[in-house]
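Here is the structure we will look at.
The values are calculated or read from the model by the stated rules, or taken from the named source; none is laboratory data. Model, not experiment: these values are computed from the prediction. Using ideal geometry, Cβ is built from the backbone for each residue, glycine included, and neighbour counts are taken over all protein chains shown. All accessible areas refer to the heavy atoms of the entire protein, side chains included, with ligands and DNA or RNA removed. Shrake-Rupley method; radii C 1.70, N 1.55, O 1.52, S 1.80 Å.
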Amino acid sequence: MRLLSEVEYKATMEAEPVPLGPDADPPFDFWPYFDQIPEGDLQGHDFSEGTVTYAWHMPLGNLQHVLVNCEQSTVFLVLVLDLTRGRVLGHYLLDILRV
């Protein structure tokens, strides 16, 4: 399980990401990766409900950002999916108030 640095995470973002609707099917089962993320990477936040409200497709890099909700509405655990390889590149704790 790879915790991405802010620089690594931002390198996976694109200028014009495509929002995916709430009913979009995930490209592959990323929950086994999610279940193995070390507690320390979560910085005390609770993501155990496994709710995803937002997902974004980065078409140039063929990546997808899946934002897992937590108890705080401004904090998400972002899973960065590599759609070409069908694997999770890593994860990043995103606080949208700190961006």
Residue check for Phe34: of a type in the set (Phe, Trp, Tyr), closer than 23 Å to Met13 by Cα, out of contact with any strand residue (DSSP E or B) (no Cβ under 6 Å at 6 or more places or on another chain) and open to solvent by less than 80 Å² (accessible area, probe 1.4 Å): yes
Residues that are charged (D, E, K, R) and closer than 21 Å to Arg2 by Cβ, drawn from the stretch 17-75: Asp29, Asp35, Glu39, Asp41
Selection status of Val7, β-branched (Val, Ile, Thr), out of contact with any helix residue (DSSP H, G or I) (no Cβ under 7 Å at 6 or more places or on another chain) and at pLDDT 95 or above: yes
Looking only at the stretch 37-47, and only at residues there that are part of a loop (DSSP other than H, G, I, E, B) and of a type outside the set (A, V, I, L, M, F, W, C), the one that is least open to solvent (accessible area, probe 1.4 Å): His45
Count of the stretch 33-66 residues which are free of Cβ contacts under 8 Å to residues at least 12 places away in the same chain and not polar (S, T, N, Q): 4
Matching residues, the stretch 70-99, being over 18 Å from Pro32 (Cβ atoms), open to solvent by less than 40 Å² (accessible area, probe 1.4 Å) and either without any contact (Cβ under 8 Å) to a residue 12 or more places away in the chain or within 10 Å of the chain's Cα centre (by Cα) (or both): Phe76, Tyr92, Leu93, Leu94
Extreme residue, farthest from Val68 (Cα to Cα), among residues of the stretch 1-22 that are open to solvent by less than 60 Å² (accessible area, probe 1.4 Å) and not in a loop (DSSP other than H, G, I, E, B): Tyr9
Counted residues, the stretch 36-87 - those being of a type in the set (D, E, K, R) and touching a Leu at 6+ places or on another chain (Cβ under 7 Å): 2
Any hit, the stretch 48-56, residues being aliphatic (A, V, I, L, M), at pLDDT 95 or above and loosely packed, with under 15 Cβ neighbours inside 10 Å: no
